[in-house]
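The values are calculated or read from the model by the stated rules, or taken from the named source; none is laboratory data. Only a predicted model underlies this, so the values are computations on that prediction, with no experimental measurement involved. FYI the Cβ positions are ideal-geometry reconstructions off the backbone, even for glycines, and counts take in every protein chain you see.
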Amino acid sequence: MVSINYRLTDVAQWPAQIDDCREAVRWARRNAAVFGLDPNRIGAWGSSAGGHLVALMGTLPYPENESISSRVSVVCDWYGPTELLTMPPNNVGNGRTEEDVANSNGAKLLGCTVKDCPDLAKQASAYDNVSSDDAAFLIMHGDEDPGVPLQQST
C-alpha cells in the first residue's frame, strides 16, 4: 500500500488534485521493484474527497503522452461525490444561499460555482466521465451519510 497526499483546495484548485494522484501512481510504478509492488496491479482507494478523486482516477481519460502510465485497474470509492453539479452544497436551496454555494467545497475546488462553470464541474465529476474502458469499481456508501447523498454513489 502507498498512502499519498494531494494538494487541498486551500493550496490549489482543480486539476492539481488529480495531477497529484496520477503522479503518485507513476511514482509507485517507477519504484515498484524497490518496494516489491506489481506495477501492473495498481488500484486506488479513497473516502469522501479521496473517494471523489479515486473515482476520477478510474474514469477520467488518461494523458496520452505519459511515459509511465498513471492508469489504475481497480477503484474502491467510499462515499465520494461523483457528480458536482448535483451535490447539494453546490446548489442554492434547502436553506443554502448564493453565499453558501460560493463558499462550498465544490466552488473552492473549481474556483467558481458549478452553475458558473458547468463544463469544469463535469470534467471534475466521475459520473460525467464514465466510459466502457474504465477501471473496475467497488462503491461503498451508507444510507445515513449527512455529507454526501447516497444518490452520488447510486
Qualifying residue in the range 118-133 (condition: in contact with a Pro (Cβ under 6 Å, 6 or more places away or on another chain) and over 16 Å from Ala44 (Cα atoms)): no
Residue satisfying all of: in the range 19-61; in contact (Cβ under 8 Å) with a residue 40 or more places away in the chain and of a type in the set (Ser, Thr, Tyr); surrounded by the most Cβ atoms within 10 Å (Cβ to Cβ) among these: Thr59
So Asn90, is it polar (S, T, N, Q) and within 23 Å of Asp133 (Cβ to Cβ): no
Gly93 being loosely packed, with under 14 Cβ neighbours inside 10 Å and free of Cβ contacts under 8 Å to residues at least 24 places away in the same chain: yes
Count of the range 110-133 residues which are within 15 Å of the chain's Cα centre (by Cα), surrounded by fewer than 17 Cβ atoms within 10 Å (Cβ to Cβ) and over 24 Å from Val92 (Cα atoms): 1
Single match in Gly95, Gly80, Gly43, Gly36 (criterion: on the phi > 0 side of the Ramachandran plot and either at pLDDT 95 or above or among the basic types (Lys, Arg) (or both)): Gly36
The lone exception for Trp78 - which of (1) under 22 Å from Gln13 (Cβ atoms); (2) touching a residue at least 24 places away in the same chain (Cβ under 8 Å) it fails: (1)
